[in-house]
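Here's the structure, in structure tokens; my notes come after.
The values are calculated or read from the model by the stated rules, or taken from the named source; none is laboratory data. Predicted model only: the values in this text are computed from it and were never measured. Note: ideal-geometry Cβ built from the backbone for every residue, glycine included; neighbour counts use all protein chains shown. Please note that ligands, DNA and RNA were not included when accessible areas were found on the heavy atoms of the full protein model with its side chains. Shrake-Rupley method; radii C 1.70, N 1.55, O 1.52, S 1.80 Å.
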Amino acid sequence: MSAAQAPDILSPEFAADPYPAYRAMRESDPLIWHEATQSWIVSRYADVERVFKDKEATFTTDNYDWQLEPVHGRTILQMSGREHAVRRALVAPAFRGSELQDKFLPVIERNSRELIDKFRDAGAADLVADYATRLPVNVIADMLGLDKADHTRFHGWYTAVINFLSNLSGDPDVAAAGERTRVEFAEYMIPVIQERRENPGDDLLSALCAAEVDGVRMSDEDIKAFCSLLLAAGGETTDKAIASIFANLLANPEQLAAVRADRTLIPRAFAETLRVTPPVHMIMRQSAVDVELTGGTVPAGATVTCLIGAANRDENRYKDADRFDLFREDLTTTTAFSAAADHLAFALGRHFCVGALLAKAEVETGVNQLLDAMPDLRLAEGFEPVERGVFTRGPVALPVRFTPVAG
């Protein structure tokens, strides 16, 4: 297959179902020059893993200067070397260990219960609209000490940001909406940050204002950019992960029954969901030098589009790779939420997702509480889940029925 015949990642057919195209690229054209996005597309696990794990500065995140900065400002994702290490050390403690367990797990549990209580007695819910799209944003707002009454604004902002990142065809209206979001979010957040510096509380925003590593503290702009990134990345991806784990389990009733009976299987189900239906299907990097990948040479200074959705289904890495199987032996659950993961949904290496353990806590809490409230959970009769999205992807709706639990 030549690049001219290769699947077009901007086509309606690809958007409807990218998986056959992923297979075709892996098998016949693992490195494609894609004219419309001006990028080299990489689809095999070994190549995407190499790009993410790069330790020689062969691949950089310089692409985020034009991809992320217009909507977020300059973020930790654009940094390298000591600057990146210090900034990561400033924000990371809140997303791991006792800080996450003691301070934010109760926030997750409370927000999850509040959402479930709204439909607990109804016998019906849409797990996307009623739960998945709301929980992560509510949790982040609570973590930062923001007003959850502004949920609609937060959701609108992160949707505009994700649309900007997904705007591979360069729609000017989508680009303009994303850039407006940066201005609106700054107008909202900067006064809150300044007030929190004056009157700190017991919240993540206050902790970010006070954090110091090697004499370095975060500026108001640094904190605003991180909060913008947290809202978009943490909201959109966890939203889709929660919806996808249920879509996968509902499509495999015997595995749903196993998880219902043994809740220690939830991390396995989540890890397998991240592999087979990752929330983020593509992440870009930039080549610093000419580099050989399977299928050819990527020239220096080029944008490289890493197809996570394709690489995570590489038959050379996973047996029966298109099948959801939480019991598979070629995926390691114990490392699935760390930089040593053997799936690619959180990226790898120094830019491994800082919020991976937060996402895990949200998904585990959500699955547990939803199964408690809906022990006979089932899809609404005749409904077939439909995924949507190219850059990020997940179920559009997930209407379910259940028998309300007394008390």
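Quick grid of which residues meet (1) over 16 Å from the mean Cα position of the chain (by Cα); (2) over 15 Å from residue 391 (Cα atoms); (3) crowded, with 21+ Cβ neighbours inside 10 Å; (4) not acidic (Asp, Glu):
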{"residue": "273", "(1), (2), (3), (4)": "no, yes, yes, yes"}
{"residue": "282", "(1), (2), (3), (4)": "no, no, yes, yes"}
{"residue": "285", "(1), (2), (3), (4)": "yes, no, yes, yes"}
{"residue": "295", "(1), (2), (3), (4)": "yes, yes, no, yes"}
{"residue": "299", "(1), (2), (3), (4)": "yes, yes, no, yes"}
{"residue": "313", "(1), (2), (3), (4)": "yes, yes, yes, yes"}
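State whether one or more residues within segment 241-251 are surrounded by 15 or more Cβ atoms within 10 Å (Cβ to Cβ), among the hydrophobic types (A, V, I, L, M, F, W, C) and at pLDDT below 90.
Of the residues in segment 241-251, the ones surrounded by 15 or more Cβ atoms within 10 Å (Cβ to Cβ) are 241-250.
Filter once more, so that each one left must be among the hydrophobic types (A, V, I, L, M, F, W, C): 241-243, 245-247, 249-250.
From what's left, at pLDDT below 90: none.
Among the residues of segment 241-251, not one is surrounded by 15 or more Cβ atoms within 10 Å (Cβ to Cβ), among the hydrophobic types (A, V, I, L, M, F, W, C) and at pLDDT below 90, which makes the answer no.
So residue 345 ticks every box in (1) more than 20 Å from residue 264 (Cα to Cα); (2) part of a loop (DSSP other than H, G, I, E, B); (3) at pLDDT 95 or above; (4) not acidic (Asp, Glu) but one. Which box is left unticked?
(3)
Looking for whichever is open to solvent by 30 Å² or more (accessible area, probe 1.4 Å), at pLDDT below 90 and among the hydrophobic types (A, V, I, L, M, F, W, C) here; the options are 339, 356. Which one fits?
Going through 339, 356 in turn, just one is open to solvent by 30 Å² or more (accessible area, probe 1.4 Å), at pLDDT below 90 and among the hydrophobic types (A, V, I, L, M, F, W, C): 339.
Which of the numbered conditions does residue 362 fail, given that it passes all the others? Conditions: (1) closer than 30 Å to residue 50 by Cα; (2) of a type outside the set (Lys, Arg); (3) assigned to a loop (DSSP other than H, G, I, E, B).
(3)
Could you check segment 58-130 for helices (runs of 4 or more DSSP H) lying wholly inside it with 2 or more residues that are at pLDDT 70 or above, among the hydrophobic types (A, V, I, L, M, F, W, C) and open to solvent by less than 10 Å² (accessible area, probe 1.4 Å)? Please lay out each step first, then the result.
Numbers: elements: 64-67, 69-72, 81-91, 105-117.
Per the criteria, 105-117.
Among the residues of segment 343-358, is there at least one that is out of contact with any His (no Cβ under 7 Å at 6 or more places or on another chain) and of a type in the set (D, E, K, R)? Walk me through it before giving the result.
Restricting attention to segment 343-358, the residues satisfying the condition of being out of contact with any His (no Cβ under 7 Å at 6 or more places or on another chain) are 343-349, 351-358.
After this cut, where a residue has to be of a type in the set (D, E, K, R) as well, the list is none.
No.
Listed residues 399, 375, 385; which is open to solvent by 20 Å² or more (accessible area, probe 1.4 Å) and at pLDDT 95 or above? Reasoning before the result, please.
Numbers: 375 fails: at pLDDT 95 or above; 385 fails: at pLDDT 95 or above.
None of the other options fit; the residue is 399.
Please specify each residue of segment 164-201 satisfying the condition of being under 19 Å from residue 36 (Cα atoms) and buried (at least 19 other Cβ atoms within 10 Å of the Cβ). Step through it out loud before you land on a result.
Residues of segment 164-201 under 19 Å from residue 36 (Cα atoms): 164-175.
Answer for segment 164-201, where residues must be under 19 Å from residue 36 (Cα atoms) and buried (at least 19 other Cβ atoms within 10 Å of the Cβ): 164, 165, 166.
Counting only residues that are assigned to a loop (DSSP other than H, G, I, E, B) and among the polar types (S, T, N, Q), which one in segment 3-57 is least open to solvent (accessible area, probe 1.4 Å)?
43
Would you point out the residue of segment 316-336, among those that are open to solvent by 50 Å² or more (accessible area, probe 1.4 Å) and among the β-branched types (Val, Ile, Thr), that is farthest from residue 20 (Cα to Cα)? First the steps, then the outcome.
Taking segment 316-336 first, the residues open to solvent by 50 Å² or more (accessible area, probe 1.4 Å) are 316-317, 319-320, 322-323, 327, 329, 332, 334.
Right, trim to among the β-branched types (Val, Ile, Thr) and you get 332, 334.
Working: 332: 26, 334: 30 Å.
Going through the qualifying residues, I end up with 334.
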